[in-house]
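First up is the structure itself, then whatever we jot down about it.
The values are calculated or read from the model by the stated rules, or taken from the named source; none is laboratory data. All of these numbers come straight from a predicted model, not from anything done at the bench. Glycine also receives a Cβ, built like all others from the backbone with ideal geometry; neighbour counts cover every protein chain displayed. Areas reflect the complete protein model, heavy atoms only, side chains present, ligands, DNA and RNA absent. Shrake-Rupley method; radii C 1.70, N 1.55, O 1.52, S 1.80 Å.
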Amino acid sequence: MAAAADAGVDREADATATAAPAGALYHGGESRQPAAGAVGSQMEAAVDEDSARDDLLVTPIGDMTDGTLFAAWTAAPGFFLVLRGGDTAAADGRAGDGGCSPAGGRPWAAAGALVGLYRAGAVGDALTTMASFAQYALLMHTRRQRPSRIILVRHGESLGNIDKSVYETLADSRLPLTERGVAQARAAGERLRRLIGNETVYCFVSPYVRAQQTLAEMVNSAGLSPSSYRVRYDPRLREQDFGNLQQVDTMRDLMATRKEVGRFFFRFPNGESGADVYDRVTSFLSSVFRVMDKVRSAPPHHRRYDNILIVSHGLTMRIICMRFLHWGVEQLEDVWNPDNGEVWVLERHPDTARYVLSSPVVCGQNRDEVIPVCMRSTPSSALDFDVRERDMSP
């Protein structure tokens, strides 16, 4: 008789597993129906650590592109089946928890499933995943709100570019543009107009006289209205310091020594090395990002601008690109200074929202090469991006 009773119990259990009524708790395909009034039994089944750990399916966290948000939904397949069972029980007018009112079936079932997920550690994983996804989404939103372009311009030709002896009697910061330099600045202003049209622009300028004159000629040539741009002079954009008043013969010897030591690390007496310029450019870029990330609802002088314009010097331009595009020292030294009045454009990539160098930049020992595609963007932004020669045409 006892054996028959046990067999009857086994058959009843098999039948229950085959046809699970509403409100049943599912684990790995197995259905467990609690006895009437046994709310605790359903809770206990939900927190069964061995069963829960076997049945949980948690997507690894860290790679947002692999759909990690889905981990929150697939952490425990039984979780949503519990909710469905409770809803069905309530709809049929039966107590989904075996002892509570029909309306209480879903909350008790959901609570049991959540306890099981918590004990198995899946709730924490799911919350971490969702927090990571939210952080990534916020980062991408911030990037896409930044200016479309960062436009780099080297000053026009100055007296020091055609006569090195002027450095003996006139400070580097006071050298004015030549007539040719004024023409180069005006040409750069025309290119600026073709690039930005009627968009707004925030201008960062070196305080050196030749850079200030270049910006003034560019603004006039581009026909910018006073309300469409703002100017900020920043000494961190100054030319590399080569010393105070420079003796021609002494500078010739120092330039030869620099070739032996390395252009980036050689420091001029009473002056700077390229590494020193790198440090102050890094500090300067923090100010650029603060301007770029200002919200549109801020006061007028904090409004978001469509473009950033930086008028500076040759080495400064190259180091700005070095910082944005993650160039190494050897790559920096392989790139030549831009010509006077030359324009380089960093454009925001439509997919990665990172800045990509879209201008042809000369490199190579004989200035007869253009930098490769891998140097036009960071590794995470290395996507196809056409060089826009039309924007750089005179």
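Among the residues of this structure, LEU117 does not count as one that is at pLDDT 90 or above and either assigned to a helix (DSSP H, G or I) or of a type in the set (A, V, I, L, M, F, W, C) (or both). Look at (1) of a type outside the set (Gly, Ala, Ser); (2) more than 26 Å from LEU215 (Cβ to Cβ); (3) at pLDDT 90 or above and you find that ASP384 fails only one, number (3). The condition of being touching a strand residue (DSSP E or B) at 6+ places or on another chain (Cβ under 7 Å) and of a type in the set (Gly, Ala, Ser) holds for only one of ALA188, ALA134, that being ALA188.
Filtering segment 141-179 to residues that are in a strand (DSSP E or B) and in contact with a Phe, Trp or Tyr (Cβ under 7 Å, 6 or more places away or on another chain) leaves ILE150, LEU152.
Every condition in (1) closer than 27 Å to HIS141 by Cα; (2) at pLDDT 95 or above holds for GLU342 except the one numbered (1).
For segment 210-226, how many residues are surrounded by fewer than 18 Cβ atoms within 10 Å (Cβ to Cβ) and either without any contact (Cβ under 8 Å) to a residue 12 or more places away in the chain or aliphatic (A, V, I, L, M) (or both)? Result for segment 210-226: 3. Can we say ALA188 is closer than 19 Å to PHE284 by Cβ and either without any contact (Cβ under 8 Å) to a residue 24 or more places away in the chain or in contact with a Ser or Thr (Cβ under 8 Å, 6 or more places away or on another chain) (or both)? Against the criterion (closer than 19 Å to PHE284 by Cβ and either without any contact (Cβ under 8 Å) to a residue 24 or more places away in the chain or in contact with a Ser or Thr (Cβ under 8 Å, 6 or more places away or on another chain) (or both)), ALA188 does not qualify. Close Cβ contacts (under 6 Å, 6 or more residues apart or on different chains) running from residues in segment 312-330 that are closer than 20 Å to ALA216 by Cα to residues that are part of a helix (DSSP H, G or I) comprise SER312/LEU237; THR316/LEU237. No other residue among ASP241, ASP249, ASP253 is open to solvent by 20 Å² or more (accessible area, probe 1.4 Å), acidic (Asp, Glu), in a loop (DSSP other than H, G, I, E, B) and modelled with pLDDT under 95 apart from ASP241.
Residues that are among the acidic types (Asp, Glu) and open to solvent by 20 Å² or more (accessible area, probe 1.4 Å) number at least 3 in the following helices (runs of 4 or more DSSP H) confined to segment 261-376: 329-334.
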